[in-house]
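Below is one structure; the comments refer to it alone.
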Amino acid sequence: DGGITQSPKYLFRKEGQNVTLSCEQNLNHDAMYWYRQDPGQGLRLIYYSQIVNDFQKGDIAEGYSVSREKKESFPLTVTSAQKNPTAFYLCASSIEPGKAFFGQGTRLTVV
Amino acid sequence: GQQVMQIPQYQHVQEGEDFTTYCNSSTTLSNIQWYKQRPGGHPVFLIQLVKSGEVKKQKRLTFQFGEAKKNSSLHITATQTTDVGTYFCAGSITGNQFYFGTGTSLTVIP
């Protein structure tokens, strides 16, 4: 998991603002993912990308957007349309089905 | 949609007792992985099972994949305080998309 970097670790956002979470990997993995984790809950898939310039919606994509212009980078934008954005956001990458490597996560709080 | 359920949601054990968490899928999986997330941390990959009926061991941890490839279990023998955390299974059907279970939070009482 040392090859995936998420920033910032903590992020505060005012209601109505968009915010972008960074995710960078140097593992040369093709697939990258964004998950949302709420307290005491499992991981829910927001978006995933299997190749540059292509990405797919996960189970809870509404209110989020992503881009994959480079293999190493998969930023997530939390838009003002996301009604309940306060959560722990985890980015992951994998080179094969399963065996995902996770970043340290970003804790987003709406104030 | 695809659902992967885990039981129990929470488990408290005395140090030295065994612990088991179970993972069940509504559909047949191509493989299953297990992850551990320490409090305040991020999930860390433990193991992947691919074959029907497969059993793998890592020291005190034993992982099983069911014959029908719809269920899996993680068993920890003689728990230690370092085992504290939430254990997740994640199943793949096809491609690179996998579905995480709801997780089992383990507390070990010294």
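The values are calculated or read from the model by the stated rules, or taken from the named source; none is laboratory data. Computed from a prediction, not measured in an experiment: that's the story for all the values here. So basically every Cβ, Gly included, is an ideal-geometry build from the backbone, and we count neighbours across all protein chains shown. These accessible areas exclude ligands, DNA and RNA; they are computed on the full protein's heavy atoms, side chains included. Shrake-Rupley method; radii C 1.70, N 1.55, O 1.52, S 1.80 Å.
Could you give the nm distance between label points at A:Asn53 and B:Ala78, where each point is 7 Å from its Cα heading toward the beta carbon?
Result for the modelled spin labels: 5.7 nm.
A:Lys70: which lysines have alpha carbons under 30 Å from its alpha carbon, excluding same-chain residues fewer than 8 sequence positions away?
Straight-distance partners of A:Lys70: A:Lys9, A:Lys14, A:Lys57, A:Lys83, A:Lys99, B:Lys36.
Among A:Ser73, A:Gln17, A:Gly63, whose Cα lies farthest out toward the positive end of the dipole of chain A, if unit charges sit on the beta carbon of Lys, Arg (+1) and Asp, Glu (-1)?
Among A:Ser73, A:Gln17, A:Gly63, the one farthest towards the positive end of the dipole of chain A is A:Gln17.
Could you provide, to the nearest whole Å², the per residue accessible area of chain A with probe 1.4 Å? Present the calculation step by step, with values, prior to reporting the outcome.
Working: 5360 Å² over 111 residues.
Per-residue accessible area for chain A comes out at 48 Å².
Pairs of Cα atoms under 8 Å, at least six residues apart: use those to get the relative contact order of chain A, whole percent.
36
Quick one: how many Å² of B:Ile47 are accessible to a 1.4 Å probe, rounded to 10?
Around 10 Å² of this residue is reachable by solvent.
If you average 1/r over all unlike Cα pairs in segment B:1-62 and invert the result, what Kirkwood radius do you get in angstrom?
13.8
Which of the residues in segment A:32-74 lose at least 50 Å² of accessible area when you go from the chain alone to all protein chains together (probe 1.4 Å)?
A:Leu43
Would you mind getting the accessible area per residue of segment B:1-108, heavy atoms of the protein chains only, 1.4 Å probe, in Å²?
45
Can you tell me what the convex hull of the Cα atoms of chain B projects to on average, as an area in nm²?
On the way: hull surface 25.8 nm².
With every direction weighted equally, the projected area is 6.5 nm².
In whole angstrom, and with the biggest value first, how far do the Cα coordinates of the protein assembly as shown range along each principal axis?
48, 36, 31
On the full set of protein chains, 1.4 Å probe, figure out the accessible area of B:Thr28 and give it in Å² to the nearest 10.
Surface open to solvent at B:Thr28 totals about 70 Å².
Which FRET efficiency, nearest 0.05, do A:Thr109 and B:Val50 yield, Cβ-Cβ r, R0 41 Å?
That gives a FRET efficiency of 0.55.
So if I take the alpha carbon set of segment A:34-111, get Rg, then get Rh from the Kirkwood formula, what is the Rg over Rh ratio?
In segment A:34-111, Rg relative to Rh is 0.94.
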